[in-house]
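Asker: Take this structure first; my questions come after.
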Amino acid sequence: MLKEAEIRTFIDGATNYFETSAQQAASIGSPYLVTDGNPGTFEYTGVIGITGARKGMVYFTAPRGMLTVLLMRMQETDTSDENIKDLVGEVANTISGNARRDFGKNFVISVPLVIAHDADKVTAPHSRSYVIPINWRTHSAKLVVCLE
Amino acid sequence: MDDGPKRSLKLMIVDDSNIIRRRIERSQQIARLEVVGAASNGREAVELFRRTQPDVVTMDLTMPEMDGVECVQELVAINSKVLILVVSALADKATAVDAIEKGANGFLCKPFTDRQLNDALEELLSEA
Amino acid sequence: MNSRLGGILKPLLTPAGLLVLVVILGLSFVAIVLVPGFELASEVAETSTALKLLGEQQRHPSLIRASLESMRDRLGARGYIQESLDQLRASNSQLDRGLHEMTVERPGNWFALTGATGASGAPIAGKHAAQLLDAWARELVVLKPVLAYHGVPYRDNESTGTNLNESGRDLERDLNAALRASRHVLPQLDTEFTAIANALQSTNVRSATQLRLVMISGLVIALALVVLVTVLLKARQRQESSLRQARQQTADILRTVKDGLFLLDLNLVIGSAYSGALETLFQRKDFAGLAFEDLLKSIVSERTLATALKFVKILWAERTNEKLVKTINPLGEVEVHLDAGNGKFDTRYLQFDFHRVRVDGEMTHVLVSVSDVTARVDLANELQASQSKAQGQVDTLLGILHIDPAQLSSFLGDSSAAMKMINAVLREPAREEGMFRKKLDTLFRQVHSVKGEAAALGLSSIESRAHAFEDDLKSLKEKPALSGNDFLPLVIKLDDLLTHLQSVGDLVSRLSRLHIAQPEVVHTTTAVLEQEKQKQPEGRADSGVAATLQQLAARVARENNKEASLKCTGFDMVPEDYRRTVKDIGVQAVRNAIVHGIEAPAERLSVGKAQQGMVRLTFQDVGDSGYKLIVEDDGQGLSTDRIKEVALKKGFITAERALSLDTKQTFALLFQPGFSTVETATMDAGRGVGMNLIADLTNQVGGRVSVATSAGKFTRLTMTLPRAAKRADDIEAA
C-alpha cells in the first residue's frame, strides 16, 4: 500500500535522526488514529507541508525535556530555546529530506516551519491523522502524518 | 497545392491493428487521396514506401519490428517531402513529440472519428 | 485638374516624399540662388571696381589739356612752367597706366562683361580698347617732346627783359603742336570713356536686377523649405506620438491581460516584453532573458520538462503542422506547486498554449500564453470523484437495500464502537514486546466480531476489509518479535475501515431521510414491521438481532455446503444492555454450530438424521439469577479425542498431559485463544477465535459458559448472564 510506504519514510526520517545524531535508536510505539482533527502537540513542533500526488502535512512534536537531552547527547551545552527550535527544525528537515529522496518530484515538500509554545497554531488540515509515538530513552515524542 | 485538375495523392497506412487500417481505408473521402498500401510494422512500411512512393502516410507509434518514431525517421530520410500524420493513443506525449521531432508533420489522437481523421488529413495537405 | 494635381501630390505628401522634396528644394536653392547670387554679386562688385577705375581715368584727358594750356600760357607770360609740367607728367603716367590696366586681359574670375565692354576675361575697355590705345599712342607722339623737356626756357636780357631762349622756343612750338593734336585726340578718348562707362553702368543695373530676382526666388525657396520642414517635423511628431500611443496600448494590454504572455526566441529564452499576470502565475519577477527551461524546472517533473522543451523546438521546424500537434502539447494542463511561505502549498493548474509568430513569413518567435485553469480542473476532478464515488455507492447501496434498516444501524453503531475500541487499544502506550503482544488478542476479538456481523448482513465490502485486518493480526501473532512498526499496516487498515464505515453510514442516513421524505413508503411491509417494533416496550426491542442471525446462518450454511435452519426464541426480551453481547455471542455461536457442529447433508442422511440441521438459540429470563442464552445444534457433538489432537498439534498441551485430561478439562481447551478444529481459515471459522471470543464476551459482562455435548447427537452452550451487565463499554471511552 502506497500510504504505508509514505508513512514509513516519515518515520524513518524521524528515527534516523536520533540514531545518527545521538547514537541511540528511537523506537516507535503502536501508531493510532486521531479522528477529531486535533492530534495534539508537545512544546516544540516542526511542520512540513506536502502537496503533489498527496496533500497534507507531517509534523514532529516533542517535549522540551526530550529535546534537551537530545541536545546534550549531541555534546551541545547550550540548551536555549533558540537551539531547541533549531533542533526541531533539523528533525523536520531530515524527515522532509527522506521524503524528497524517496518520492521525488511528484511529492512536493515545503521548507519546515518550527512552532514553539503555541500548540494551537498546529492544526491538521483533514479530520483524520496518523499519530506515531516515538519513544527515546524515557521520553516520548509524536510524529503526526495527515495526508488526504 | 494547385487547384487545377487534381493530381491524385497517394496515401499509405501504417498501423499494426487491422481494424484501424481498414477504418482509415474506408473513411478516405478526400478525393485527392488514394490508398496505395497498408503496412503493419515499421519494417514493412519502409519497404512499401520505397515501392509505392506515397505522398501522405498515417503512422502508428507502437508497433512490432520497428516502432513508429524510427519509421518516421527512415521515411523522411527516403523522401523529405512526405507528409506524415502520426495516429496514436495519447498515453505517451513524449513519444509523440519524438515522432514530430524526427520529421512527422502532425498528430491525431486515437480513438478518432472519421470526421476528425479527414479534418486532420485536410489540414496536413493545406499546409504543404 | 485638381484631382490630377492631387494625384501627383499625393505620393509627395508622404513623409518620404516630403523628404525628397526638401532635398530637391535644398539643391535648387544652391543652384538657383547661391551660385548665381554669388556670381552676380561678384559681377556687381567688379563692375563697380571698373567704374571707379574708369572714373579716375576719365578726368586725365582734360587734366592733360589743361596742363598743356597752362604751360603755353605761362610760357607766353614768361612764367614758371615746372608746376604745370609736373602736372602733365603725373596725368600722363596715370592715364598711361590706367589705359594699360583697362586694356589688359583679366585673369580667371574677372567679371563677365557683355556687349560693349567685352566678355569674361576681356579687358575692361572691351572692344574700345584698340581705339583707346590707338588714340593714346597718337597723343603720346605729340606729348613726348613736351614731357621730355628739361631746363629753363628763358633767357634774361637787360634791355628786352626776359625772353624765350632756344629751348623755350622749341617748347613753345611743341606745346602748340601738342595742343593742336590734343584738341582732336583727347575728346576722342573722352567719348570712348563715356561709352565704356555707359556700358558698365547698364551691365551693373542688369546685374543688380538679376541679383534682386535671385534674392526673391531665394526667399521663395527658403519659405517653401521652412513650410516643408515644418510639415515634416509635424508629421514626424505625429508618427512618434502614434508610435508612443501604440507602445502605451501594448503596455496597457500586457499589464491588464489575465493570461501570462511572453515570447520565446529560437534559443527558448523569454523576451523582455511579457504580461504582468506572469508574475502572479509563477510567483517570480525575473522573466526577461530567463530560459524557458529554468522557468519550468522547479514546477514540472523532469520528464515533462524534457518533452516540453522538445515540443517547443518542433514548432520551429517548418515541417510541423502547428494545428496538428496541439493535442500533444505536454503543458496542456500542468499542476504546479507554489510555496506559499507558511509551510503550506498553493496548488494550481496552468495551461500553456504555444503559437508561432511569423514576420514576413519567417518564424521569429513562439508566443506562449499561460492561463490558470485551476477552477476548471478542480471542477472536473470533483465531477470525476463524485462519479466514481457514486458508482461505489450504488454498489454498496444495492447491498444495503436488502438489509433491514434497524439491523443496519445497530451494526454501524456496534462497528464504530469496535473501531473506537481498536484505536483505543492501539493508543495505549507500549514500549516492550509484551505490551505490544497483549494488544493483539483484544484487537482480534473486536475486528472478528465486526467481520462476523458484516458477513451476517452480507456487507461483503466491510467483511473483506475486516478479514484483511485479521490476516495482519494473525501474521503479527506468529512474528517472534513485535514493535510499534509492525502495527502501522493495522492502523492503515483501520483508517480504511473507518472511512468505509463512514461512507456506509452516510448512505444509510441519506436513505433514512429518503424514507421520511416519502411517507407513502410506509405501506411496505418492512415499514409496517418497523412501526410495530416501535410499539414494543423500550429497551426490549429485538433490534433485528434475530434477523441478523438468520441471515448469517443461511449464508454460512450456503458457503460451507451445509443445510441448517435457525430458530431464535425470546430475543424480544433481550435488555438493551445485553443487546450487543447477545448478538456478538449469537453470531459466534451460530457460526461455530454450523461450521463445526452440523454435518454435511450426505453425512447426516447416512447416520439417519434429517438432511437439514437445526440450530436453536434461546434467550431466557431466569429471574434473580439473570438470563440464559442457550445455543444448541443437532450436529456431530464435540469429540474429546479430536480436541486433544488439535491441542497437541498446536502445542497447547503435551502428549502426556493429553492422556490425563478429563472431559471437562478437554472442553476447557476450546476456550483457549487460537484454538480451532478447522484447518484452513475461512471467513467464517478456523481462526481459533470463536469459542475463545464467546468465553471472553461472557466474562466481560460477568457471566459464565458451560458446555454439554453428546457425540454424534448435539452440542449445547449455555451462557449464564447476571441480571445487571458489567459495563464493558467503559474501556471504549478510554
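Asker: Of everything in region A:39-54, what is buried (at least 19 other Cβ atoms within 10 Å of the Cβ) and under 14 Å from residue A:110 (Cα atoms)? Give them in sequence order.
Answerer: A:46, A:47, A:48, A:49, A:50, A:51
Asker: Could we say that residue C:436 is more than 22 Å from residue A:36 (Cβ to Cβ), facing chain A (nearest Cβ under 8 Å), out of contact with any Asp or Glu (no Cβ under 7 Å at 6 or more places or on another chain) and not polar (S, T, N, Q) here?
Answerer: In short, yes.
Asker: A further question follows. Go over the candidates C:221, C:253 one by one and state the one that is open to solvent by less than 60 Å² (accessible area, probe 1.4 Å) and either at pLDDT 85 or above or at positive phi (or both).
Answerer: Exactly one of C:221, C:253 is open to solvent by less than 60 Å² (accessible area, probe 1.4 Å) and either at pLDDT 85 or above or at positive phi (or both), namely C:221.
Asker: I would also like to ask the following. Is it the case, given these coordinates, that residue B:40 is open to solvent by 10 Å² or more (accessible area, probe 1.4 Å), more than 14 Å from chain C (Cβ to nearest Cβ) and of a type in the set (Ser, Thr, Tyr)?
Answerer: yes
Asker: Related question: Got a number for residues in region A:78-119 being assigned to a loop (DSSP other than H, G, I, E, B), buried (at least 16 other Cβ atoms within 10 Å of the Cβ) and at pLDDT below 85?
Answerer: Number of matching residues: 2.
Asker: Does residue A:20 count as more than 14 Å from chain C (Cβ to nearest Cβ) and within 19 Å of residue A:97 (Cβ to Cβ)?
Answerer: It is true that residue A:20 is more than 14 Å from chain C (Cβ to nearest Cβ) and within 19 Å of residue A:97 (Cβ to Cβ).
Asker: Please identify the pairs in which a residue from region C:286-312 that is within 14 Å of chain B (Cβ to nearest Cβ) has its Cβ atom under 7 Å from the Cβ atom of a residue that is of a type in the set (S, T, N, Q), counting only partners at least 6 apart or on another chain.
Answerer: C:301/A:106; C:311/C:329
Asker: Further, regarding this structure: Could you tell me which numbered condition residue A:67 fails, if it satisfies all but one of (1) part of a helix (DSSP H, G or I); (2) open to solvent by 70 Å² or more (accessible area, probe 1.4 Å); (3) free of Cβ contacts under 8 Å to residues at least 40 places away in the same chain?
Answerer: Unmet condition: (2).
Asker: Still on this structure: Can you tell me which residue is farthest from residue C:326 (Cα to Cα) among those in region B:110-124 that are within 10 Å of chain C (Cβ to nearest Cβ) and open to solvent by less than 40 Å² (accessible area, probe 1.4 Å)?
Answerer: B:121
For (1) more than 9 Å from chain C (Cβ to nearest Cβ); (2) under 19 Å from residue C:429 (Cα atoms); (3) out of contact with any Gly (no Cβ under 8 Å at 6 or more places or on another chain); (4) among the hydroxyl-bearing types (Ser, Thr, Tyr), each residue gets a yes or a no:
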site	(1), (2), (3), (4)
A:30	no, yes, no, yes
A:39	yes, yes, yes, no
A:63	yes, yes, yes, no
A:69	yes, no, yes, no
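Asker: Name every residue in region B:18-53 that is under 18 Å from residue B:126 (Cβ atoms) and part of a loop (DSSP other than H, G, I, E, B), in order of residue number.
Answerer: Once the filter is applied, which keeps residues that are under 18 Å from residue B:126 (Cβ atoms) and part of a loop (DSSP other than H, G, I, E, B), region B:18-53 yields B:28, B:29, B:30, B:31, B:32.
Asker: I'm told residue A:124 meets every condition in (1) in a loop (DSSP other than H, G, I, E, B); (2) within 13 Å of chain C (Cβ to nearest Cβ); (3) touching a helix residue (DSSP H, G or I) at 6+ places or on another chain (Cβ under 9 Å) except one. Can you identify the failing condition by its number?
Answerer: Of the numbered conditions (1) in a loop (DSSP other than H, G, I, E, B); (2) within 13 Å of chain C (Cβ to nearest Cβ); (3) touching a helix residue (DSSP H, G or I) at 6+ places or on another chain (Cβ under 9 Å), the odd one out for residue A:124 is (3).
Asker: Something else: Consider region C:406-431. How many of its residues are among the small types (Gly, Ala, Ser), more than 12 Å from chain A (Cβ to nearest Cβ) and within 19 Å of residue C:493 (Cβ to Cβ)?
Answerer: Number of matching residues: 3.
Asker: Something else now. For residue A:75, which of the numbered conditions (1) closer than 30 Å to residue C:335 by Cβ; (2) in a loop (DSSP other than H, G, I, E, B) fails to hold?
Answerer: So residue A:75 meets the others, but not (1).
Asker: Evaluate region C:318-332: report whether one residue or more is polar (S, T, N, Q), more than 14 Å from chain B (Cβ to nearest Cβ) and either touching a Leu at 6+ places or on another chain (Cβ under 9 Å) or surrounded by 13 or more Cβ atoms within 10 Å (Cβ to Cβ) (or both).
Answerer: Within region C:318-332 (the criterion being polar (S, T, N, Q), more than 14 Å from chain B (Cβ to nearest Cβ) and either touching a Leu at 6+ places or on another chain (Cβ under 9 Å) or surrounded by 13 or more Cβ atoms within 10 Å (Cβ to Cβ) (or both)), the answer is no, since none of the residues qualifies.
Asker: Continuing with this model, one more query. Six or more apart or on different chains, Cβ atoms under 7 Å: show the pairs whose first residue is in region C:60-81 and acidic (Asp, Glu) and whose second is surrounded by fewer than 19 Cβ atoms within 10 Å (Cβ to Cβ).
Answerer: Within 7 Å, the pairs are C:69/C:179.
Asker: Please go through region C:480-505 and give me each residue that is not in a helix (DSSP H, G or I) and not small (Gly, Ala, Ser), ordered by number.
Answerer: C:480, C:482
Asker: Kindly indicate which of C:44, C:33, C:22 is assigned to a helix (DSSP H, G or I), of a type in the set (A, V, I, L, M), at pLDDT below 85 and in contact with a Gly (Cβ under 8 Å, 6 or more places away or on another chain).
Answerer: None of the others qualify; the one that does is C:33.
Asker: Pick out the one residue from C:186, C:264, C:179, C:200 that is surrounded by 17 or more Cβ atoms within 10 Å (Cβ to Cβ) and in the same structural domain as residue C:287 (by TED's automatic domain parsing).
Answerer: From the options C:186, C:264, C:179, C:200, the qualifying one is C:264.
Asker: Sticking with this one: Let me confirm something: among C:418, C:430, C:424, which residue is open to solvent by 10 Å² or more (accessible area, probe 1.4 Å) and either hydrophobic (A, V, I, L, M, F, W, C) or touching a Ser or Thr at 6+ places or on another chain (Cβ under 6 Å) (or both)?
Answerer: Of the residues listed, the single one that is open to solvent by 10 Å² or more (accessible area, probe 1.4 Å) and either hydrophobic (A, V, I, L, M, F, W, C) or touching a Ser or Thr at 6+ places or on another chain (Cβ under 6 Å) (or both) is C:424.
Asker: Which numbered condition trips up residue A:36, out of (1) in a loop (DSSP other than H, G, I, E, B); (2) open to solvent by less than 50 Å² (accessible area, probe 1.4 Å); (3) among the acidic types (Asp, Glu)?
Answerer: (2) is the only condition that residue A:36 fails.
The values are calculated or read from the model by the stated rules, or taken from the named source; none is laboratory data. On a predicted model such as this, the values are computed, not experimentally measured, just so you know. With ideal geometry, Cβ positions are generated from the backbone for all residues, glycine too; neighbour counts draw on all protein chains shown. When the accessible area is computed, the model is the full protein with side chains, heavy atoms only, and any ligands, DNA or RNA have been set aside. Shrake-Rupley method; radii C 1.70, N 1.55, O 1.52, S 1.80 Å.
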